[in-house]
Amino acid sequence: QFATRVVSCRAAELRPEGGGEPVRGFQVVLEDTILFPEGGGQPDDRGLIGSVPVLRVSRHGSEAVHFVPAPLEPGAEVLLSLDWERRFDHMQQHSGQHLITAIADQMFGFKTTSWELGRQRSVIELDTPSMTAEQREALERSVNEKIRARVPVTVRELPADAPELQTVRGRGLPDDHAGPVRVIDIEGIDSNLCCGTHVSNLSDLQVIKLLGTEKGKKNKTNLVFLAGNRVLKSIEQSHDTEKALTSLLKNGPGEHVEAVKRLQNSVKQLQKNNLNLLRDMAVLIARDFKSKPVQSQLFVLHRKEGDSEFMNIIANEIGTEETLLFLTVGDEKEAGLFLLAGPVEAVENLGPRVAELLEGKGAGKRGRFQGKATKMSRRGEVQALLQEFITHRSPEL
């Protein structure tokens, strides 16, 4: 917690991180703050100003601007509270990144070109086209050895023109930077220009797990990692998943993969059998219709299970020179597929109207019009339209 004073408060809007409509609120500047504004690859802090939640902290020049949903009186004294769990997580990931970056450079000459502190995992972009599994394992061992060695992490502020800054790693200062610069030192390992929040000793990182690598852009490699409490949470989630799979698959964790493979093969075989049955059913449905002494000029069929092939087999077997077919598959009250087949001119005339009634989209050629419907519940209206067309159409159609 930190006592401070409100300097200014003005109405503003905030665009949510996940997209959506802007949120109305207020931008507040305080005399000083303990909430970190987003920057240097690190997300911003969260907390409270009095009882008012802080939804975003951003840097505007030399000021930290706090976005809040309720107005605050300029000149008022306020108590600022920090969301420590979020802050400590960011500290662990950011110090972990510094450590991984430094050791990857020392061991393999892999330079870090950027990094991202994500909500669940963090990613370091390395200036190398590839990284072997052996290199990753060696890097993981080395960084965890440094954590166990309890190496101190210290913060220094230096004048921007200090000669020793020439030996400090960094990607340069922001164009609008003014005043002293901040250097994060991992004793005997790394010195780095950085505005972010960090642990005071590598032992606070607990452990680092390198999850693997992914192909990056422009011949680079993305190294994915977890640090500190995120490793524990990941293990807990994995254990919960393992327990659930053990219960569902009725075997031990070591047999889960093989059990899932067997299930996948069974599902594929069942799907194949189901498709064959649907095809056979389509042929039987068509033959039953054709076997009747007097055939109707309109054939309508709906099935919950089926696909486009199922409908087209029926249309092929019945023939569309004289019969108008309206076939649908899917949930009768929701979305599905439809096929209108019959004499070419009739289908060209009716197809778009059928799609419109079903609130769907479709296309057609050579006496077939098919597509997706969002309102299968309007099938009755389509059937009435088709019946009316047949009743009033001229003999040549």
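Here are some notes:
- Checking each residue in segment 80-115 for being touching a helix residue (DSSP H, G or I) at 6+ places or on another chain (Cβ under 8 Å) and aromatic (Phe, Trp, Tyr) picks out 88, 108, 110, 115.
- Segment 15-33, residues that are open to solvent by less than 50 Å² (accessible area, probe 1.4 Å) and either hydroxyl-bearing (Ser, Thr, Tyr) or in a loop (DSSP other than H, G, I, E, B) (or both): 16, 19, 22, 33
- Which numbered condition residue 104 misses (of (1) under 28 Å from the mean Cα position of the chain (by Cα); (2) small (Gly, Ala, Ser); (3) assigned by the TED database to the domain that holds residue 206): (1)
- Boolean, residue 224 is open to solvent by less than 80 Å² (accessible area, probe 1.4 Å), part of a loop (DSSP other than H, G, I, E, B) and touching a strand residue (DSSP E or B) at 6+ places or on another chain (Cβ under 7 Å): no
- When each of 247, 266, 238 is tested for being within 30 Å of residue 99 (Cβ to Cβ), out of contact with any Ser or Thr (no Cβ under 9 Å at 6 or more places or on another chain) and either open to solvent by 70 Å² or more (accessible area, probe 1.4 Å) or in a helix (DSSP H, G or I) (or both), the lone residue that passes is 238.
- Among residues of segment 111-126, those that are free of Cβ contacts under 8 Å to residues at least 40 places away in the same chain and open to solvent by less than 40 Å² (accessible area, probe 1.4 Å), counted: 2
- Residues of segment 198-212 that are open to solvent by less than 50 Å² (accessible area, probe 1.4 Å) and touching a strand residue (DSSP E or B) at 6+ places or on another chain (Cβ under 7 Å): 198, 199, 201, 202, 205, 208, 210, 212.
- Candidates 340, 325, 301, 386, filtered to the one that is in contact (Cβ under 8 Å) with a residue 60 or more places away in the chain and either in a loop (DSSP other than H, G, I, E, B) or under 25 Å from residue 288 (Cβ atoms) (or both): 386
- Total residues in segment 218-270 satisfying the condition of being closer than 30 Å to residue 129 by Cβ and without any contact (Cβ under 8 Å) to a residue 60 or more places away in the chain: the figure is 3.
- Residues (among the charged types (D, E, K, R) and either at pLDDT below 95 or in the same structural domain as residue 202 (by the TED database) (or both)) located in segment 57-82: 59, 63
Per-residue answers, yes or no, for (1) among the small types (Gly, Ala, Ser); (2) within 30 Å of residue 218 (Cα to Cα); (3) open to solvent by 20 Å² or more (accessible area, probe 1.4 Å); (4) part of a strand (DSSP E or B):
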site	(1), (2), (3), (4)
128	no, yes, no, no
140	no, yes, yes, no
146	no, no, yes, no
153	no, no, no, yes
165	no, yes, yes, no
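- Check on residue 83, open to solvent by 50 Å² or more (accessible area, probe 1.4 Å), among the charged types (D, E, K, R) and touching a Gly at 6+ places or on another chain (Cβ under 9 Å): yes
The values are calculated or read from the model by the stated rules, or taken from the named source; none is laboratory data. These numbers come from a predicted model, not from an experiment. Using ideal geometry, Cβ is built from the backbone for each residue, glycine included, and neighbour counts are taken over all protein chains shown. The protein model used for the area step is the full one, side chains on, heavy atoms only, and it has no ligands, DNA or RNA in it. Shrake-Rupley method; radii C 1.70, N 1.55, O 1.52, S 1.80 Å.
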